[in-house]
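Since every read-out is calculated from the coordinates, none of them should be taken as a lab result. This is a predicted model, so every value here is computed, not measured. Note that we place each Cβ from the backbone using ideal geometry, even for glycine, and neighbour counts take in every protein chain shown.
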Amino acid sequence: MSEVHRLIVVGLLTFGSGNVLAQTCGSGVITDANGDLHRPYQERTINVAGDNRKWLLRLPDGYRPGEKTDVVFDFHGATSTAEQQFAYSNFAELADRDGVILVMPDANKVYVDPSHHLAGYWNSAWEAKWRERDYDIDFVLAIVDELRDEYCADDFYAAGMSAGGDMTTALQCMADSHFQAFAPVTYRYWNAAECEDAPALPMISFHGTDDKVVPLEGLPAPWFDPPVSEIMQSWAEHNGCDPEPTEERVGSDVLRYSWQNCDAPVEWFLVEGGGHTWPGGVDREVLGHTSHEISATEVIWEFFFRE
């Protein structure tokens with residue numbers, strides 16, 4: 001389909017010679033304010049609490065206004081950006097294949113010192129006891145509302161790298177989350193006081209044994225993170241799973257832990273020797289080993305959209 005044909009008249013679907021059908025939902029706006037269809041994504045802004053927040057929208061090839069479409073949110077890590085996360089996780093080909101909208105929100109926590117290692121962190125993504133939850137959560141929910149209004153968005157899914165995994169977990173801990181499944185990579189948390197009222201929903205996660213940023217054995221104050229195995233076990237218990245997971249080797253350096261008889265599935269991929277990295281992604285030597293025995297991108301996608 002040519003780019004010209006993709007610029008469909010707002011609010012209408014046209015088929016053949018003059019046959020017009022009214023949309024059932026959404027304006028179907030494909031262009032940005034300047035009338036340009038940007039590839040690989042469009043840069044959008046939305047006003048939340050007086051701030052214009054940036055996010056990236058990618059409509060799949062063949063997108064048809066008025067048709068219900070699933071959405072995957074992809075959250076970047078600290079010091080990273082929405083644009084970098086789009087390239088790092090690389091969901092685009094799968095999104096085109098299956099007709100899924102991609103959304104990459106951008107964190108904008110401002111420090112006096114912009115070189116501070118948390119200057120690009122999510123305001124909502126923090127150890128639960130100290131988080132100011134409403135700021136970035138409201139940002140995400142505002143995007144959800146806009147997607148439902150304009151693009152007939154149907155089911156929502158959340159994935160994220162590092163601090164983006166923290167943000168993903170924050171959405172999973174909500175008692176009234178709009179998301180159907182979650183995939184935190186290299187970071188996730190559990191806090192009973194915050195998460196115990198959340199419904200049992202599918203979760204898949206990834207971690208490396210040699211992660212120096214978020215060590216497998218946990219972090220002391222001010223993070224107060226228990227070992228990753230304990231966090232995953234807590235989520236398995238929350239989801240009503242059997243106490244002990246099944247262990248399976250799925251690569252020369254990758255183990256898969258899956259809990260059985262759950263109200264909602266829980267899976268954990270442990271990369272032996274893996275660093276603070278996205279399995280199957282671009283090698284980032286400064287952050288340690290990246291396994292290419294599996295693709296977190298493909299595994300997450302299958303987990304989200306399995307029949």
**Asked** Mind listing the phi-derived Karplus ³J(HN,Hα) values for segment 209-217, rounded to whole Hz, using 6.51, -1.76 and 1.60 with θ = phi - 60°, and x for any glycine or proline?
**Response** 5, 10, 5, 8, 7, 10, x, 4, 7
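Quick check: convex hull of the Cα atoms in segment 47-113, volume per residue, rounded to a whole Å³? All intermediate terms of the calculation are to be shown ahead of the outcome.
Values: hull volume 6.6 nm³, N = 67.
About 98 Å³ per residue, rounded to a whole number.
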**Request:** Mind giving me the nanometre distance, one decimal, between the label points for Glu302 and Gln260, set 7 Å out from Cα along Cα→Cβ?
**Result:** 2.0 nm
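Can you tell me, using C-alpha contacts under 8 Å and at least 6 residues apart, the relative contact order of segment 37-305 as a whole percent?
It comes to 14 percent, rounded to a whole number.
First select every other residue whose beta carbon is under 14 angstrom from the beta carbon of Asp210; then total the charges, Lys and Arg +1, Asp and Glu -1.
Details: positive: Lys212, Arg284; negative: Asp211, Glu217, Asp253, Glu272, Glu285.
Net local charge, Asp210 excluded: -3.
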**Request:** List, in order, the whole-Hz ³J(HN,Hα) value for each residue of segment 289-299 obtained from phi through the Karplus relation with A = 6.51, B = -1.76, C = 1.60 and θ = phi - 60°; use x for Gly and Pro.
**Result:** 5, 10, 6, 10, 6, 9, 10, 4, 4, 5, 5
**Request:** Compute the relative contact order of segment 155-242 as a whole-number percentage, counting only Cα pairs closer than 8 Å that sit 6 or more residues apart in sequence.
**Result:** 23 percent
**Request:** Quick one: which residues, 5 or more positions from Gly274 or on another chain, have an amide H under 5 Å from its amide H? H modelled 1.01 Å from N in the peptide plane, none for Pro or chain starts.
**Result:** Thr209, Asp210
**Request:** Pop a pseudo-label 7 angstrom from the Cα along the beta-carbon direction at both Asp242 and Asn191 and give the gap in nm to one decimal.
**Result:** 3.3 nm
**Request:** Taking amide H positions as placed in the peptide plane 1.01 Å from N, state which residues far from Ala181 in sequence (5 or more) or on other chains have amide H under 5 Å from it.
**Result:** Ala158
**Item:** In Hz, Karplus ³J(HN,Hα) per residue of segment 146-152 (6.51, -1.76, 1.60; θ = phi - 60°; x = Gly, Pro)
**Value:** 5, 5, 5, 6, 9, 10, 6
